[in-house]
1. Of all DSSP beta bridges in the chain, what percent run antiparallel (nearest 5)?
2. Please give the Cα centre distance for the stretch 327-350 versus the stretch 250-301, rounded to the nearest Å.
3. Looking only at H33, H241, H312, which one moves most when the chain is put into a Gaussian network model with springs between Cα atoms under 10 Å?
4. Check K174: other-chain or 5+ apart residues with amide H under 5 Å from its amide H, H built from backbone geometry?
5. Could you state the number of Å between the C-alpha centres of the stretch 67-107 and the stretch 110-138?
6. Of (1) 46, 25, 19; (2) 39, 28, 17; (3) 30, 28, 24, which is the value of semi-axes √(5λ) of the Cα gyration tensor in Å derived from the coordinates here?
7. Working from Cα positions, state the angle (0 to 90°, nearest 10) between the long axis of helix 206-219 and the longest principal axis of the chain.
8. In straight Cα distance, which lysines are under 26 Å from K334, not counting same-chain residues fewer than 8 positions off?
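Readers should treat all values here as calculations from the given coordinates under stated rules, not as data from a laboratory. Only a predicted model underlies this, so the values are computations on that prediction, with no experimental measurement involved. As a convention, Cβ positions derive from the backbone with ideal geometry for all residues, glycine included, and neighbour counts pool all protein chains shown.
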Amino acid sequence: MMLNMDYAQRRERLARQLPGKSVAILMNPKPAHKTGDQDYAYRPDSNMLYFCGMDEPGAVAVIMSADQAKRMVMFVLPRDPERERWVGPRYGCEGAVAQFKADEAFDIGLLKDKLSEILFALDGVYFDFSQASELSPMLFEVVEKLRHRGRHAAEGPRAFCDLRDIVGEMRRIKDADEIEAMKRAAAVSVAGFKDVCKMLRPGIGEWEVEATLQHGFRARGAIGESFGSICAGGAHATTLHYEANRDRLNDGDLILIDAGAEVDYYAGDISRTYPVNGRFTDAQRDIYALVLKAQKEAIKMCVVGNHMKSPHERVREVFADGLHALGIFAEEPKEILEKNLDFEFFFHGTSHYLGMDTHDVGIAYGRGDDAPAPLLPGVVITVEPGLYFTENDARVPEKYRGIGIRIEDDVLITEDGPVVLTADLPKEIEDIEK
């Protein structure tokens, strides 16, 4: 169970946004089978965590709209002393009421029957459509029975609606407790990167860098990694999501590391690019300095009144100037931007939301017009420009081929300007080369 979060207040806010005579259904996934008698490491559903703090596999929460007397009904695994000797204690129905403040709680085996009772007089059901393969068959079965009751009136909901837009907007703005959790995640992430800086040298394996990060995160209380760590040496860094982490690091290589710790179910997300031997070559320094300049300029754009794309637009301007100055493009900066030539070497966005998920929920671009969402106090985003020149790209000077560099920090938007949550991790060339 998560701590220091006002789940009841969140449920009340959700209830007020649901139309009358409707419910929202949240569900934790069941354990995913790995092999033999083993399952993959378990991660609860973020929405269930956000509204309830419930981390037990397979649990279901039904949150009622504000016009109903009850606010939440839970369905959980029953207590089973024999099974609990093997896998640990369960909350049971009593725990769901006592610890999670459910109005009522039932054995998960009663879910269909109880849902039929709950949905009988309601008009709408909201749930995360990404869980449709699990929820929809059961919901359709329940509703179909309610709609066909012989000579009796057809009852039950008439509409199934996607919950993600409502929840995404709620989770997009972090409250004070969430910001503190994200500061902890950032601090643990930074500490793990500093561990890597102490052990980095030619000859070690990418997997050793990954193991150092994992140990550093867990040793400081993290649940684990917030995503699979990218530890990309040499030309591997030109692959955006390289995760094999199987090669050795050579003298003269760079290593691009993109990783983060998950603390209290909130994610850190940092990228740094280091010279394996402690010194940049001239060509590496050229590209690193350009990416760093773009990142620092982009962070300045993370202010109330700007929007999600403002950092990205500034990065593109800096890159257009720099790529022309370095002779990578003969075209003038204005033409580079007009023709989107920079996309050849910078082919991803600059920012995404960060929170309980690494790529956190929330509308970043408007439906229909694709207008970027405004940056508001409490929003946390990443700022991560990068340049990637593959080994065999004859369009760029040979000295730059095989270089991939990305620099990323986690930034909180406030009324007083951007707060870089990961600022304690050095990124200036002179600090890296100490």
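1. Beta bridges within the chain, antiparallel portion: roughly 75 percent.
2. 21
3. H33
4. V379, V380
5. For the stretch 110-138 versus the stretch 67-107, the Cα centre distance is 18 Å.
6. (1)
7. The angle comes out at about 50 degrees.
8. K293, K296, K300, K309, K399
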